[in-house]
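Where a number appears in this text, it was derived from the coordinates with a stated rule and is not lab data. These figures come from a predicted structure and were not determined experimentally. Please note: Cβ atoms are built from the backbone with ideal geometry, for glycine as well, and neighbour counts cover all protein chains shown.
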């Protein structure tokens with residue numbers, strides 16, 4: 001699956017999908033800003049606390065939980081990116097082959113970062129996918145996403161406060 005952005009509009013909707021996924025999962029506290037002009041791997045800036053710094057005072061279980069939480073957020077942001085670009089921008093469905101390729105990538109990342117088995121990743125993926133599929137197929141979310149993408153395109157960079165402000169309508173759906 002080619003996740004590269006086709007153009008600036010595609011990139012804008014990818015960022016929009018990531019921001020929406022963080023907001024709907026009440027994870028906006030981990031985001032510092034988003035930037036349309038950043039390189040693809042740096043579009044979302046996180047607060048310093050987001051990054052695991054190997055605190056030796058944390059128990060192994062607490063450290064693993066922290067890593068798992070970020071893995072799940074990463075999965076949600078990736079799915080939000082893809083679904084917003086496909087469903088909202090292009091009015092297309094996610095191809096089953098692309099979905100299978102996403103699962104493979106998440107299985108590899110889950111194994112490497114959290115020591116998760118494929119069936120554990122599969123359950124997480126299915127739950128996230130089902131929820132985000134409903135979210136990004138909602139007409140109200142389409143309207144909010146188009147508005148947010150327009151603001152991002154004009155301003156080029158948005159802080160967490162601006163992201164939350166522009167996406168607050170999601171809580172009313």
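Brief remarks follow.
- Residues that are free of Cβ contacts under 8 Å to residues at least 24 places away in the same chain and within 19 Å of residue 42 (Cα to Cα) within the range 155-171 comprise 155, 161, 162, listed in sequence order.
- Residue within the range 63-72 that is buried (at least 16 other Cβ atoms within 10 Å of the Cβ), in contact with a helix residue (DSSP H, G or I) (Cβ under 6 Å, 6 or more places away or on another chain) and in contact (Cβ under 8 Å) with a residue 40 or more places away in the chain present: yes
- Condition check for residue 37: touching a residue at least 40 places away in the same chain (Cβ under 8 Å), part of a helix (DSSP H, G or I) and either out of contact with any strand residue (DSSP E or B) (no Cβ under 9 Å at 6 or more places or on another chain) or surrounded by fewer than 20 Cβ atoms within 10 Å (Cβ to Cβ) (or both): no
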